[in-house]
């Protein structure tokens, strides 16, 4: 699995993702500077968290115009795997690769803490190692993480298996009490119709090593391992 | 104004006073220059000789700090201190205040405080890996204090989160004296290779002086002077002296500087913080024993028509000054261009020792660099013990009514902002980014792994203004002891400290006495624990309309854990485990949170500290953790034993109760809520007891078994019995309930 971690000016989880892909998963990884225009040879392109362009204007709104994004469109169209985490998810929404938009958290404050998310679709390249309905213990860290889409669009997404994660209780119960930011339908992660582009607000790279307190995030990466070993993409 | 017009501005008595310079200081300027200064030079002297930059009232006293030790690579005098971790790695850390700006404009004041301390760390060649902060506000029942706290926390979060440097812990305290003068102290720690440390020195005649980062604007002019004054009714008008932060640009500056630091092009580097271009140029020249000549026409400016005075005194953020090796200018500029930042040669190093500033082809300032730095005035200000000391110290608990219902006292205290959970604050900080944080905020100290090594780094900030108000020397010692104890409770061995000394007006002899005594206490404890002072910050003039804040030293301490997986948390783990107290015994009520919260009294002597006992308690705790005997360790401090026991029940992974029995010697309130020093609450499996007994006997530390873990209530003797979930709910809602009302 050859991976690229895109570095926008202001990305700040790039090192973290690089570390997990390279040292925890043992995959070849490159940093991809946002002005680069070539994604040939990569199996997975990861858009990391952070504050691309300072989140000025609106999270992800400026980064979508970076040269690499044109290339990323083509890469995704050809079926390449794209994972956007936190700010990376916001960039994917702004660029139209994923449906919906982000609003400010309903408390209007930045929230950093562990939450649980329920796996709604485990037939994606990113979720194959999870059980359907499993609750993952995973951190969030964002201020603009309130996912929004209109109800019709969400029900379409649900039918197509595009709602991948929802905020839930440790026992996988979905309720507004477990919704940290006011997201429509507790949505924490969505994918495109083809299922090769995933965006999620929680940070799997922050919980992929035992020393950090949870290894649930590693399930996302080990799902990709299955892809790397078997199915061609 | 043209350069010529500015040069012709007449220096009057009034102008000198406006610049915060005394008549004697002005005479000294004339003798150092051998002539009258011009207007620009007057401004330059004014900021460099301000208390904020010159430490003129504190320099002589700070010399008492122990600054050397086998781990110390760089002590005070540079942008930050450097302490060895092993033969290869070092940690670089410092604490700084941004009190005055944060009162005037809390969001930007706090944000730029964070920006400033982060620059101090990466200037030295270190990758910043964590921030802490120590915040003090007035009581939250006043809306202004809620506003200040909300905006300060948002400002710290806004800057640190965007930078991608985790804010991993800190402290928040409340006291009436901070209402008009909150204390905002920020700490940053970075990791560097020992052989890749960079210093702020200009040398090598002809080497280019390169300006990098943001453009210079008219913001923050005279910020350093503002920070060296007392507040009054007009302080709000000072808002334009507060800088505006741009964390995105600083993130780029950080990455560009670290990229540049992999090369050999840098001779010296310093950030432009207080007093901007002025301070960075003359300090680098002064330290390097050289001079610099710069041309202000080359400085990237945000707007046209800025005078030399404004350019030299601007405190625009996110700027650095680099002295590069001759011939490497283009390579340096190329790196900054990649990150879309300015990189402009604005001058060169000279041999004559002067800071020479040109604009429009004319020399607008020409001052010996050392006149601004080493030769700045230094005073031994008069000091006198304040009258209040005798009165507060002679207080005794005789006649103090004892509460009838201790359970409700504990519940009230757990639900107060002072002792309640600080999650409302730290959940706004990204405390996990860079995936090194092992021990999150809420424990006794924060703990990070160092990737690629087995080590963990522990860090903490601690202070207690109330103790220092009652007895500054003891208060200073207690602050160092508590910081060390907090580190030890995680398993990390303390190595060194940085400190932020927040005091009132140094020209007031009573304040000066508090300062002198506090420094004495800190110095004595640091010598005893072999944790030298690597630098820090003095913030004077923390007073409004003549009323100083409590003398408030904040100790930032860092230490190392040899195996980052072998740490311990404060929380009880298993049903049936024994609960023990290591160290001090008895109950001391003076200066306690209980006395203040329940009786409205801030009096008495603070707890006595016996440094030898403290050292034994810490040694026993560290050994016990190292041998895997101790399963949880928690420092017993503010709120006393009952509060510390309750906190030990609130694990992030779930609550668990405990049953504690104590021998009553004196008053029950003193036993439960007294803040006797040098106490650590630990829990262990009973099977390990013989091993523990041998260890404790060998170290000759007092200890006692006081109960065991289990059940769903916290019971302490006949006095307290409360469901843990109830206590926890009160504790969790304490801050959020008041602020979001």
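The values are calculated or read from the model by the stated rules, or taken from the named source; none is laboratory data. Computed from a prediction, not measured in an experiment: that's the story for all the values here. Cβ placement follows ideal geometry from the backbone for every residue including glycine, while neighbour counts extend to all protein chains displayed.
Every residue, every condition in (1) in a helix (DSSP H, G or I); (2) crowded, with 20+ Cβ neighbours inside 10 Å, yes or no:
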| residue | (1), (2) |
| --- | --- |
| B:670 | yes, yes |
| B:687 | yes, no |
| B:698 | yes, no |
| B:704 | no, no |
| B:714 | no, yes |
| B:721 | no, no |
| B:729 | yes, no |
| B:732 | yes, no |
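For the range A:43-62: of the residues being touching a residue at least 12 places away in the same chain (Cβ under 8 Å) and over 19 Å from residue B:160 (Cα atoms), which is farthest from the other protein chains (Cβ to nearest Cβ)? The selected residue is A:43. Reported count of residues in the range B:279-296, each being out of contact with any strand residue (DSSP E or B) (no Cβ under 6 Å at 6 or more places or on another chain) and either crowded, with 24+ Cβ neighbours inside 10 Å or closer than 23 Å to residue B:38 by Cα (or both), is 3.
Checked against (1) without any contact (Cβ under 8 Å) to a residue 40 or more places away in the chain; (2) buried (at least 23 other Cβ atoms within 10 Å of the Cβ); (3) over 27 Å from the mean Cα position of the chain (by Cα), residue B:435 passes all but a single condition, namely (3). Residues that are touching a residue at least 60 places away in the same chain (Cβ under 8 Å), surrounded by 21 or more Cβ atoms within 10 Å (Cβ to Cβ) and either away from every other protein chain (no Cβ under 14 Å) or out of contact with any strand residue (DSSP E or B) (no Cβ under 7 Å at 6 or more places or on another chain) (or both) within the range A:1-18 comprise A:6, A:8, A:16, listed in sequence order.
Just one of the listed residues (B:368, B:386) is more than 27 Å from residue B:119 (Cβ to Cβ), in contact (Cβ under 8 Å) with a residue 60 or more places away in the chain and in contact with a helix residue (DSSP H, G or I) (Cβ under 8 Å, 6 or more places away or on another chain), and it is B:386. Any chance the range A:118-134 includes a residue that's crowded, with 17+ Cβ neighbours inside 10 Å and either within 14 Å of chain B (Cβ to nearest Cβ) or at pLDDT below 95 (or both)? Checked against the condition, which is being crowded, with 17+ Cβ neighbours inside 10 Å and either within 14 Å of chain B (Cβ to nearest Cβ) or at pLDDT below 95 (or both), the range A:118-134 yields no hits at all. Candidates are the residues of the range A:184-230 that are within 19 Å of residue A:146 (Cβ to Cβ) and surrounded by fewer than 24 Cβ atoms within 10 Å (Cβ to Cβ); the one that is nearest to the other protein chains (Cβ to nearest Cβ) is A:186. In the range B:58-82, the qualifying residues are those that are in contact with a helix residue (DSSP H, G or I) (Cβ under 6 Å, 6 or more places away or on another chain) and crowded, with 22+ Cβ neighbours inside 10 Å, and the one that is farthest from residue B:296 (Cα to Cα) is B:61. For the range A:66-93, filtered to residues that are within 14 Å of chain B (Cβ to nearest Cβ) and more than 14 Å from residue A:199 (Cα to Cα), the residue that is surrounded by the fewest Cβ atoms within 10 Å (Cβ to Cβ) is A:67. The selection criterion, being more than 14 Å from every other protein chain (Cβ to nearest Cβ), more than 24 Å from residue B:440 (Cβ to Cβ) and free of Cβ contacts under 8 Å to residues at least 60 places away in the same chain, does not hold for residue A:179.
In the range B:156-167, the residues that are facing another protein chain (nearest Cβ under 8 Å) and part of a helix (DSSP H, G or I) reach residues that are modelled with pLDDT under 95 and surrounded by fewer than 24 Cβ atoms within 10 Å (Cβ to Cβ) with C-beta atoms within less than 8 angstrom, at least six apart or across chains, in these pairs: B:162/A:54. Restricting B:148, B:135, B:140 to those that are closer than 27 Å to residue B:501 by Cβ, part of a strand (DSSP E or B), more than 14 Å from every other protein chain (Cβ to nearest Cβ) and under 24 Å from the mean Cα position of the chain (by Cα) reduces the list to B:135.
Would you confirm whether any residue within the range A:24-42 is within 11 Å of chain B (Cβ to nearest Cβ), closer than 23 Å to residue B:436 by Cβ and surrounded by fewer than 24 Cβ atoms within 10 Å (Cβ to Cβ)? Yes, there is a match, as at least one residue in the range A:24-42 is within 11 Å of chain B (Cβ to nearest Cβ), closer than 23 Å to residue B:436 by Cβ and surrounded by fewer than 24 Cβ atoms within 10 Å (Cβ to Cβ). Of the residues making up the range B:648-668, those that are farther than 17 Å from residue B:414 by Cα and part of a loop (DSSP other than H, G, I, E, B) are B:653, B:661, B:662, B:663, B:664, B:665, B:666, B:667.
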